[in-house]
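See below for the structure under consideration.
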Amino acid sequence: MAYDLKMRVWRGDADGGELTDYTVQVSDGEVVLDALHRLQATQTGDLAIRWNCKAGKCGSCSAEINGRPRLMCMTRLSDFDQAETITVTPMRTFPVIRDLVTDVSFNYEKAKQLPYAELGPRDADGKRRMMQVDVERSQEFRTCIECYLCQDVCHVVRDHEDNKQHFAGPRFFIRYAELDMHPLDTHDRRALAQDAAGLGMCNITKCCTEVCPEGIHITDNAIIPMKERVVDRKYDPLVWLGNKIGLRSQDDEGRTEV
Amino acid sequence: MTGNEMSPESAGGMERHAYDVVVVGAGGAGLRAAIAAHDAGARVAVVCKSLLGKAHTVMAEGGIAAAMGNRWPEDNWEVHFRDTMRGGKMLNHWRMAQLHAQQAPERVMELEDWGALFDRTDDGLISQRDFGGHRYARLAHVGDRTGLEMIRTLQQRTVQLGIDVFMELTVTDLFQDDGRISGAFGYWRETGRFVLFEAPAVILATGGIGKSFKVTSNSWEYTGDGHALALRAGASLINMEFVQFHPTGMVWPPSVKGLLVTESVRGDGGVLKNSEGTRFMFDYIPDFFRAETADTEEEADRWYDDKKNNRRPPELLPRDEVARAINSEIKAGRGTPHGGIYLDIASRRTPEFIRKRLPSMYHQFKELADVDITAEPMEIGPTCHYVMGGVEVDPDTQESAVTGLYAVGECSGGMHGSNRLGGNSLGDLLVFGKLAGEAATAYATGLGRARPAVAEDDLRAASHSAVAPFEVEGGDNPYAIQSDLQQSMNDLVGIIRTAGELERSLVEIEALKERARSMAVEGHRQYNPGWHLALDLRNMLLVSESIARAALAREESRGGHTRDDFPQTDHEVWGRKNLVVSLDAAGTGVELSERPLPEMPDELKKYFDEPRKES
């Protein structure tokens, strides 16, 4: 069933731009990205969109649809009334390159500052052993498709350019949590998470969790546990004493602070 | 610097970089090659059309085939080698299949060293799952998002090692000096600004060609860039007639038609049924696989738990067999309301099992089709998924016929013969990525100061060629040409082929090439998708012609090439040779030649001497 959809799409570049009205024919079962592709093919060949898999797996086509951070390929037109105008704007936290494409290099810069997995040697038979139940906690964070919608919605950086330098953002807090919960990893990165990544600036409003297209429990399963572990390390007098006299808690057994 | 100047010779419009090795493409093969080159001591750069971590590898679902023997100690490289050769209908380059089977296990373990978290067996080892054509459960996996795990691991390793990555940069030309590679030329997608890489070694890792077909599981990036760059540089392609149509793509809604439904659904117990409720795959067991395939539903169902005493279900035949069977059922009028076939796991496994083993599939159907796969069957049909054909390379170094030009992953040919087994692509990326990175580094660093140079005339020609679509007034729209090409390839060079249709496709491709010569692009060079497509389209047309020409010449049916007018597999004539594609003298099209298959050594031939006793 085809119908005419009214759309308002932000067109412009770093110097400024505006919402432009379009009417495009769409049909049942289509998503916002389909409507934009049809615009591109029939009305405005140079409309800039970043996309790849069109299956919710690569995290390229992030934008704000009626003000809400979403993947354009996973937003079905049937979620809207047919008479409603759908407004699509670029992610606000990142500088615009052109139209719906933003400069997300902030995230790639932060990724360069991240620590990495550092496993001990393999077992004698050349294999490694981890139990499924133990890898599952970190596996949840590894379902991240790096769409950066959590970074986009995070109020610490959304309208506070000056915070970007000291704040890695939710996408990278789950990376810290992932490494921290990796059964065979040997590093202790709690100090790094707190100081270099700015974990303390997060005040757990859960906006990131709400927009995550993968449904990762960013706040409950990653940020809060990481905050607790940082606090344990810093303020728990028993842990402090244990560290002083060389005892180690089970949590960071065999891990070296980096 | 905005890069918006239309003139190719505008001041400051050209960036220059010098490296030992430049890798084009940042999927699994490209990143593994770059890591290997870095480890071998090269100055290496990775160049990719998308952002880092978005390459098509991310879409791979099922797993990495590697005979680690974690579930079945009987498994080893010899069995994997045999499965791969038989899956490819013996047209594979034996040496590539051998190297792949031997080295895949260590490549998987290495990913784990770098932080990958695979699903585990009860003993805590890397879990391995069943897949079509593999005798044992052999695919290391992470739910149904193995590709994401692999690319993220390689991406994080690349960043950790400090390898230079040029994101959203498209390579449009390769340069040579006296027959040796001297560099690569491209443009930043963001600004349109040109970039020259001076490098004696270039590794092509650009993936496949699926975007030339209408119904495909492939993303926009899959425009055959590496295939076309290699052809233009004077290298050859082999096996181009073999295109894999994955049996299970989504068929509804139209917006997601072609989107992949992982083979793991069948590996984990899913079955195929027609509109009459019949498990039709039992009617399509070919003689070649009869001895190792169950012929009753009871035996097939027992196999999941007892592989020793039962034979594999026919749903797990190699992909070419299953895709043809589905196609036949739909043509015979036993399809579903949306023109597919039912893939049913809901009636065979618990909702908990399905959500645990197939989380992405659950999510994908729920979000995009309003279908709950734990409660009802999926509707699926064949979708263009993978090209077996690619750049002809030396199996040990991945070097093409052009000195300094290497190709790995989907854009290389030979490893998979006429049909790729599921799970063999991810291993392919890792094994040959590493070998290519090492070989390219050895070559580049061995040159000393005597490096091939880039000629300024060539550079100017490349710049002019790249902006040519802007200089046309009133020409055809590249989107329209692409859409017509996709329809034509789908209708005439698809899953079932005939001489008449293939001849027609060549006429249509010729006409599209003519239209492409005068296509026009609106706007300017800054992040302009219309311009990007216009440049990619040249590659798509050249590669489409390669496929159609090779498909017309091969007068038999084998693997990913089915001729309605030549339904038999002809071992005597066509089982002994490859079709080789190269650029024609005019440089605007391709021509074919034949090359005998490389002779397999006797110690490997023994695995195929007699039909294996299936106990």
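The values are calculated or read from the model by the stated rules, or taken from the named source; none is laboratory data. Remember, predicted model here, so these are calculated numbers, not experimental data. Cβ atoms come from the backbone with ideal geometry, glycine included; neighbour counts cover every protein chain shown.
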Worksheet, complete the sentence: Scanning region B:107-160 for residues that are at the interface with another protein chain (Cβ under 9 Å from one of its Cβ atoms) and at positive phi, the one modelled with the lowest pLDDT turns out to be B:Gly143
Discussion item. I need a count of the residues in region B:281-307 that are more than 22 Å from B:Thr569 (Cβ to Cβ) and in a helix (DSSP H, G or I).
Written reply: 7
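Condition check ((1) within 25 Å of B:Ala55 (Cβ to Cβ); (2) within 10 Å of chain B (Cβ to nearest Cβ)) across all residues:
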position: A:Ala63; (1), (2): yes, no
position: A:Arg76; (1), (2): no, yes
position: A:Thr89; (1), (2): no, no
position: A:Ile97; (1), (2): yes, yes
position: A:Phe106; (1), (2): yes, no
position: A:Glu118; (1), (2): no, yes
position: A:Ala124; (1), (2): no, no
Practice prompt. Could you figure out which of (1) modelled with pLDDT of 95 or more; (2) under 21 Å from B:Asn419 (Cβ atoms) isn't true of B:Glu61?
Written response: (1)
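Does B:Val467 qualify as being surrounded by fewer than 24 Cβ atoms within 10 Å (Cβ to Cβ), at negative phi, assigned to a helix (DSSP H, G or I) and without any contact (Cβ under 8 Å) to a residue 40 or more places away in the chain? First the steps, then the outcome.
Working: surrounded by fewer than 24 Cβ atoms within 10 Å (Cβ to Cβ): yes; at negative phi: yes; assigned to a helix (DSSP H, G or I): yes; without any contact (Cβ under 8 Å) to a residue 40 or more places away in the chain: no.
Judged against the criteria, B:Val467 is not a match.
Residue-by-condition table, conditions (1) of a type in the set (S, T, N, Q); (2) in contact with a Lys or Arg (Cβ under 6 Å, 6 or more places away or on another chain):
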| residue | (1), (2) |
| --- | --- |
| B:Thr262 | yes, no |
| B:Asp268 | no, yes |
| B:Pro313 | no, no |
| B:Val322 | no, no |
| B:Ile341 | no, no |
| B:Pro351 | no, no |
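Answer with yes or no whether B:Leu429 is touching a residue at least 40 places away in the same chain (Cβ under 8 Å) and in a loop (DSSP other than H, G, I, E, B). Talk me through it step by step, then tell me what you get.
Values: touching a residue at least 40 places away in the same chain (Cβ under 8 Å): yes; in a loop (DSSP other than H, G, I, E, B): no.
No; evaluated as a whole, the condition is false for this residue.
Applying the selection to region A:117-126, what residues are touching a residue at least 40 places away in the same chain (Cβ under 8 Å) and either of a type outside the set (D, E, K, R) or not assigned by TED's automatic domain parsing to the domain that holds A:Ile218 (or both)?
To start, the set of residues in region A:117-126 that are touching a residue at least 40 places away in the same chain (Cβ under 8 Å) comprises A:117-120.
Scanning region A:117-126 gives A:Ala117, A:Leu119, A:Gly120.
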Discussion item. Looking only at region B:45-73, filter to residues that are farther than 21 Å from B:Glu221 by Cβ and aliphatic (A, V, I, L, M); which one of those is nearest to the other protein chains (Cβ to nearest Cβ)?
Written reply: B:Met68
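Can you spot a residue in region B:220-228 that is more than 14 Å from chain A (Cβ to nearest Cβ), farther than 14 Å from B:Ile547 by Cα, under 12 Å from the mean Cα position of the chain (by Cα) and small (Gly, Ala, Ser)?
Residues of region B:220-228 more than 14 Å from chain A (Cβ to nearest Cβ): B:224-228.
Remaining after also requiring farther than 14 Å from B:Ile547 by Cα: B:225-226.
Okay, now just the ones that are also under 12 Å from the mean Cα position of the chain (by Cα), so B:226.
Narrowing the set further to residues that are small (Gly, Ala, Ser) leaves B:226.
Among the residues of region B:220-228, at least one is more than 14 Å from chain A (Cβ to nearest Cβ), farther than 14 Å from B:Ile547 by Cα, under 12 Å from the mean Cα position of the chain (by Cα) and small (Gly, Ala, Ser), which makes the answer yes.
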Item to complete: For region B:282-301, state whether one or more residues are under 26 Å from B:Arg145 (Cα atoms) and without any contact (Cβ under 8 Å) to a residue 40 or more places away in the chain.
Response: yes
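Residue-wise test of (1) of a type outside the set (Val, Ile, Thr); (2) more than 14 Å from every other protein chain (Cβ to nearest Cβ).
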| site | (1), (2) |
| --- | --- |
| B:Gly494 | yes, yes |
| B:Thr498 | no, yes |
| B:Leu502 | yes, yes |
| B:His532 | yes, no |
| B:Glu556 | yes, yes |
| B:Ala585 | yes, yes |
Discussion item. Please count how many residues of region A:30-46 are within 7 Å of chain B (Cβ to nearest Cβ) and more than 19 Å from B:Asp370 (Cβ to Cβ).
Written reply: 4
Item to complete: Output the residues belonging to region A:157-214 that are more than 30 Å from B:Gln364 (Cβ to Cβ), part of a loop (DSSP other than H, G, I, E, B), out of contact with any strand residue (DSSP E or B) (no Cβ under 9 Å at 6 or more places or on another chain) and of a type in the set (D, E, K, R).
Response: A:Asp159
Discussion item. Show the residue pairs meeting these rules: Cβ distance below 6 Å; 6+ apart or different chains; first residue within region B:49-65 and surrounded by 24 or more Cβ atoms within 10 Å (Cβ to Cβ); second residue in a strand (DSSP E or B).
Written reply: B:Lys49/B:Thr170; B:Gly62/B:Leu139; B:Gly63/B:Arg129; B:Gly63/B:Leu139; B:Gly63/B:Ala140; B:Ile64/B:Ala140; B:Ala65/B:Leu139
Worksheet entry | Lone unmet requirement of (1) in contact with a helix residue (DSSP H, G or I) (Cβ under 7 Å, 6 or more places away or on another chain); (2) assigned to a helix (DSSP H, G or I); (3) exposed (fewer than 14 other Cβ atoms within 10 Å of the Cβ) for B:Gln487 | (1)
Discussion item. Yes or no: region B:222-241 includes at least one residue that is surrounded by fewer than 24 Cβ atoms within 10 Å (Cβ to Cβ), closer than 25 Å to B:Asp394 by Cα and in contact with a Pro (Cβ under 6 Å, 6 or more places away or on another chain).
Written reply: no
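Let's see how each residue does on (1) modelled with pLDDT under 95; (2) of a type outside the set (D, E, K, R); (3) in contact with a Phe, Trp or Tyr (Cβ under 8 Å, 6 or more places away or on another chain):
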position	(1), (2), (3)
A:Arg175	no, no, yes
A:Arg190	yes, no, no
A:Ala196	yes, yes, no
A:Lys206	no, no, no
A:Thr209	no, yes, no
A:Cys212	no, yes, no
A:Ile218	no, yes, yes
A:Ala222	no, yes, yes
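May I ask you to say which residue of B:Gly340, B:Gly269 is touching an Asp or Glu at 6+ places or on another chain (Cβ under 8 Å) and away from chain A (no Cβ under 14 Å)? I'd like the intermediate steps shown before the answer.
Values: B:Gly269 fails: touching an Asp or Glu at 6+ places or on another chain (Cβ under 8 Å).
None of the other options fit; the residue is B:Gly340.
Being farther than 30 Å from B:Asp491 by Cβ and without any contact (Cβ under 8 Å) to a residue 60 or more places away in the chain is true for just one of B:Glu555, B:Glu599. Which residue is that? Spell out how you get there, then give the answer.
Details: B:Glu555 fails: farther than 30 Å from B:Asp491 by Cβ.
On inspection, the qualifying residue turns out to be B:Glu599.
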Worksheet item: Limited to region B:375-398, what total is found for residues that are surrounded by 18 or more Cβ atoms within 10 Å (Cβ to Cβ) and farther than 23 Å from B:Arg420 by Cα?
Response: 3
Discussion item. Here are the criteria: (1) out of contact with any Phe, Trp or Tyr (no Cβ under 8 Å at 6 or more places or on another chain); (2) assigned to a strand (DSSP E or B). Tell me which single one B:Ala444 does not satisfy.
Written reply: (2)
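So, B:His416, is that one buried (at least 22 other Cβ atoms within 10 Å of the Cβ), touching a residue at least 24 places away in the same chain (Cβ under 8 Å) and either of a type in the set (A, V, I, L, M, F, W, C) or not in a loop (DSSP other than H, G, I, E, B) (or both) or not? Break it down into steps so the answer makes sense when it comes.
Details: buried (at least 22 other Cβ atoms within 10 Å of the Cβ): yes; touching a residue at least 24 places away in the same chain (Cβ under 8 Å): yes; either of a type in the set (A, V, I, L, M, F, W, C) or not in a loop (DSSP other than H, G, I, E, B) (or both): no.
When the stated conditions are applied, B:His416 does not pass them.
Looking at A:Asp79, A:Asp46, which one is surrounded by fewer than 22 Cβ atoms within 10 Å (Cβ to Cβ), over 24 Å from B:Pro253 (Cβ atoms) and either within 17 Å of the chain's Cα centre (by Cα) or of a type in the set (Asp, Glu) (or both)?
Details: A:Asp79 fails: over 24 Å from B:Pro253 (Cβ atoms).
Answer to the check: A:Asp46.
Quick one: which residue in B:Asn92, B:Asn76 is without any contact (Cβ under 8 Å) to a residue 12 or more places away in the chain and away from chain A (no Cβ under 13 Å)?
Being without any contact (Cβ under 8 Å) to a residue 12 or more places away in the chain and away from chain A (no Cβ under 13 Å) holds for just one of B:Asn92, B:Asn76, which is B:Asn76.
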Discussion item. Pairs please, first residue from region A:127-150 and farther than 18 Å from A:Tyr108 by Cα, second anywhere and assigned to a helix (DSSP H, G or I) and aliphatic (A, V, I, L, M), Cβ atoms under 7 Å, 6+ apart in sequence or on different chains.
Written reply: A:Arg137/A:Met181; A:Ser138/A:Met181
Discussion item. Given the condition at pLDDT 95 or above, crowded, with 24+ Cβ neighbours inside 10 Å and either more than 29 Å from B:Arg538 (Cα to Cα) or within 25 Å of the chain's Cα centre (by Cα) (or both), answer yes or no: does some residue in region B:270-280 qualify?
Written reply: yes
